[in-house]
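Report on one structure; see the data block that follows.
All of the numbers you see were taken from the coordinates with simple rules; none came from a lab. Please read these numbers as outputs of a predicted model, since none were measured by experiment. Cβ atoms come from the backbone with ideal geometry, glycine included; neighbour counts cover every protein chain shown.
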Amino acid sequence: MRVLVTGATGFIGSRLVPTLKRRGHDVAVLTRDADSYDGEADTVYEGDVLEAGSFEHALDGVDAAYYLIHSMDTSDDFAEKDRRGAHHFQRAASDAGVDRVLYLSGLGDDRAALSKHLKSRREVEHILGEGTFDLTTLRAAVIIGSGNTSFDIVEQLATRLPVMLTPQWVRVDCQPVAVTDVVAYLVGALESSEAAGKTYDVGGEEVLTYGDLLERTADAADSNAFIVPVPVLTPRLSAYWVALVTDVPTSIALPLIRGLKNEVVVRDDSIRDDVPIELTAHGTAIERALGSSSDPEATADHAVEKLDRIGL
Ligand SMILES: NC(=O)c1ccc[n+]([C@@H]2O[C@H](COP(=O)([O-])OP(=O)(O)OC[C@H]3O[C@@H](n4cnc5c(N)ncnc54)[C@H](OP(=O)(O)O)[C@@H]3O)[C@@H](O)[C@H]2O)c1
């Protein structure tokens, strides 16, 4: 299949491209800076989804496209940018006659008061859903892998100080998932006609609290850090604390931390019927993320093995 991957330089996209290549697809990518792209794609297009007219050529002759773009690292108006980019992309993919679009969104119950970040992910789903193509949406919580900002925060909090000061969100449930499993699901959903037009929740084998995830990461890294939940710690103060302890700036940490109040667990596991890959144990995923075995090449190898095993 001729497949376009947007966000190909990002955490997910950089792992998805080598996986699609190993599965025999013809892969094109879209980036805002083609000169700096050093991945395995067959064709590299330069363009910016925020600028209508700059990226549409990348969709010519494409059967399916992955939408893996967000603007959270830029500024406070990420929701407006993500809305605009999604509208532009949806219209362009519809005009180009693309059959399928696959989007990676965030987990979270629609009935809960979702954070601005999670609401924005949901809004992009709705905008893409207005296209003429079949949209497949995968919704994930924390993705365990090196180089993922959310996991970097967990790892650095768990390893840099002997004491972790955390607000009450340490007791909120989440269902982390290994990056290999997310990539295998994304490719499996492309290759399974059953997945066209569906929305899936994706998660790992176990529901944990954020505190459990911090503790397991600390254990795997041989750190003796222990968690001290503090009764009053606002999201903004937490973000300042994260920025002080980790490499992640306040502007990026804040929307992520605001999302931690929302329980993010799988409610509908129908992806297990359509793409029944073997899930990676959390311990293995954390060990790989702390070492180098969740890099793009290793992730692609593991994802392809999983897909081969289910005969897709
Ligand atoms: N990471 C997670 O834990 C997680 C969890 C759930 C859902 N998701 C979703 O998965 C998707 C991918 O996340 P990620 O972590 O891989 O993101 P990432 O590493 O931050 O990468 C973002 C990508 O977006 C591209 N991009 C940003 N603005 C663009 C624009 N205006 N035009 C074209 N490309 C643009 C960037 O490409 P260039 O800089 O090369 O242009 C970059 O490759 C996002 O929708 C995210 O919300 C992620």
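Report the far tail of the P(r) of the range 2-309, meaning the percent of Cα-Cα pairs longer than 37 Å.
Working: 5355 of 47278 pairs.
Considering the range 2-309, 11 percent of its Cα-Cα pairs are separated by more than 37 Å.
So if R0 is 41 Å, what FRET efficiency would Val232 and Val207 give, r being the distance between their Cβ atoms, rounded to the nearest 0.05?
Numbers: r = 27 Å, r/R0 = 0.65.
It comes to 0.95.
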| message | Residues of the range 266-309 with the amide nitrogen closer than 13 Å to a label point 7 Å from the Cα of Asp109, along Cα-to-Cβ, please. | response | 266-268
| query | Which residues' amide hydrogens lie under 5 Å from the amide hydrogen of Ser105, considering only partners 5 or more residues apart or on another chain, with H built in the peptide plane? | reply | Leu138, Arg139, Ala140
| query | Just going by the charge dipole of the chain, with Lys and Arg at +1 and Asp and Glu at -1 on Cβ, which of Gly131, Pro249, Ala281 is farthest out on the positive end? | reply | Pro249
| query | Fewest to most neighbouring Cβ within 10 Å: what's the order for Thr136, Thr9? | reply | Thr9, Thr136
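Based on DSSP, what percent of beta bridges with both residues in the range 2-309 are antiparallel, to the nearest 5?
Values: 2 of 36 bridges.
Looking only at bridges with both residues in the range 2-309, the antiparallel portion is about 5 percent.
Could you grab the relative contact order for the range 2-309? Cα pairs under 8 Å, six or more apart, rounded to a whole percent.
Numbers: 617 pairs, mean separation 63.2, N = 308.
Averaging sequence separation for qualifying contacts and normalising by length gives 21 percent for the range 2-309.
Tell me the Kirkwood radius of the range 1-77: reciprocal of the mean inverse pair distance over distinct alpha-carbon atoms, in Å. It would help to have the intermediate numbers written out before the result.
Details: mean 1/r = 0.0793 Å⁻¹.
Taking every pair of different Cα atoms in the range 1-77, averaging 1/r and inverting gives 12.6 Å.
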| task | May I ask you to give the average projected area over all directions of the convex hull of the Cα atoms of the range 1-42, in nm² rounded to one decimal? | result | 2.5 nm²
| query | Which whole-Hz couplings ³J(HN,Hα) result when phi for each residue of the range 152-160 is put into the Karplus expression 6.51 cos²θ - 1.76 cosθ + 1.60, θ = phi - 60°, listed in order with x for Gly and Pro? | reply | 4, 4, 4, 4, 6, 5, 6, 10, 8
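What number, rounded to the nearest 500 deg cm²/dmol, is the helix-based mean residue ellipticity at 222 nm of the chain, given -39500 (n - 2.57) per DSSP H run of at least four residues and division by all its residues?
Working: 11 runs with 125 residues, N = 312.
Mean residue ellipticity, 222 nm, calculated: -12000 deg cm²/dmol.
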| Lysine-lysine proximity count for the range 2-309, Cα under 26 Å, sequence distance 8 or more or distinct chains | 11
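Report relative contact order for the range 186-292 in percent, whole number only (criteria: Cα-Cα under 8 Å, sequence separation at least 6).
On the way: 65 pairs, mean separation 47.0, N = 107.
Averaging sequence separation for qualifying contacts and normalising by length gives 44 percent for the range 186-292.
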| message | Averaged across orientations, what area in nm² does the convex hull of the alpha carbons in the range 156-312 project? | response | 9.7 nm²
| field | Candidates Asn148, Asn224, Asn262, ranked by Gaussian network fluctuation over the chain, Cα under 10 Å, top entry | value | Asn224
| query | By what distance, in whole Å, do the Cα atoms of the range 222-293 stretch along each of the three principal axes, largest value first? | reply | 42, 30, 23
| query | Sequence-distant or interchain residues sharing an amide H contact under 5 Å with Ile69, placed H: which? | reply | none
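Determine the shape class of the range 93-154: with a ≥ b ≥ c the square roots of the Cα gyration tensor eigenvalues, call it rounded for a/c under 1.5, and otherwise prolate if a/b is greater than b/c, oblate otherwise. Don't jump to the answer; show the numbers that get you there.
On the way: a/c = 2.98, a/b = 1.61, b/c = 1.86.
Oblate.
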| field | Estimated vicinal HN-Hα couplings, Hz - the range 234-251 in sequence order (Karplus 6.51, -1.76, 1.60; Gly, Pro = x) | value | 6, x, 5, 5, 4, 5, 5, 4, 4, 5, 6, 8, 10, 7, 8, x, 3, 4
